[in-house]
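The values are calculated or read from the model by the stated rules, or taken from the named source; none is laboratory data. For clarity, every value in this text was computed on a predicted model and none was experimentally measured. Reconstructed Cβ throughout: ideal geometry from the backbone, glycine too, with neighbour counts over all protein chains shown. Each accessible area value is taken on the protein alone, full model and side chains, heavy atoms only, with ligands, DNA and RNA left out. Shrake-Rupley method; radii C 1.70, N 1.55, O 1.52, S 1.80 Å.
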Amino acid sequence: MFSLNVPAPGRVKRLAATLHPRLAGFERVRERHSLVCKRFESEDYAHLSERVRRVLDGTTSIEARVTGIELFEEPVRGPGPVVYLAVASPGLVAIHERLVDTFGAIADLEGEAYVPHITLARGGSVDRAEALRSRTVDPIEWSISELRFYDATHDERAGTLSLPVSY
């Protein structure tokens, strides 16, 4: 399985690092931070990456903004709650929708259910997650100029897609 991800910029990674001590009581704390744009059930990276480039031809860099800390109390998959940095990005949502139109949606995670976010931690007490959600964080804005293919089978980056895309 592959996914197309947005790498987190340094400022977002630093924010996650400052929150790290408050995540200690969770079952799993993310050390690597990225934002999933689209998941793919394909096993053939070469064919997949070519199709994605074709679909995203002409796509330019897009803006994104961390707006705060949120949570999924009962996530679709895995233990909850999930504490995450909420990301506002109409451009990213538009890219996601184009890819869903071509490749289909993973049920309950994509399409209308898609929530752009950067996971910080999962599993643990809802009270602790709520306390984190009540924290105010300064917004972080950045320009997304690169997307990365991630190979979940081998737990590694499979390739990069620079924006703007020219096929």
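Here are a few things to note about the model shown:
- Selected residue (only one of GLU97, GLU112 is of a type in the set (D, E, K, R) and at pLDDT below 95): GLU112
- Qualifying residue in segment 63-71 (condition: out of contact with any Pro (no Cβ under 7 Å at 6 or more places or on another chain), over 15 Å from LEU147 (Cβ atoms) and open to solvent by 20 Å² or more (accessible area, probe 1.4 Å)): yes
- Pair list, Cβ < 6 Å and 6+ apart or interchain, from segment 42-64 residues that are under 17 Å from PRO90 (Cα atoms) to residues that are open to solvent by 80 Å² or more (accessible area, probe 1.4 Å): THR60/PRO164
- Scanning segment 113-148 for residues that are more than 16 Å from ALA64 (Cα to Cα), open to solvent by less than 60 Å² (accessible area, probe 1.4 Å) and either touching a Leu at 6+ places or on another chain (Cβ under 7 Å) or assigned to a helix (DSSP H, G or I) (or both) gives ALA113, LEU120, ALA121, VAL126, ALA129, ALA131, LEU132.
- The residue pairs whose first member lies in segment 12-34 and is in contact (Cβ under 8 Å) with a residue 12 or more places away in the chain, whose second member is charged (D, E, K, R), and whose beta carbons are closer than 7 Å, counting only pairs six or more residues apart or on different chains, are GLY25/ARG128; PHE26/ARG122; GLU27/ARG122; ARG28/ARG122; HIS33/LYS13.
- Matching residues, segment 14-39, being closer than 26 Å to LEU99 by Cβ and either part of a loop (DSSP other than H, G, I, E, B) or at pLDDT below 95 (or both): ARG30, ARG32, HIS33, SER34
- Test: residue in segment 83-103 that is in contact with a helix residue (DSSP H, G or I) (Cβ under 8 Å, 6 or more places away or on another chain), under 27 Å from ARG28 (Cα atoms) and open to solvent by 20 Å² or more (accessible area, probe 1.4 Å): no
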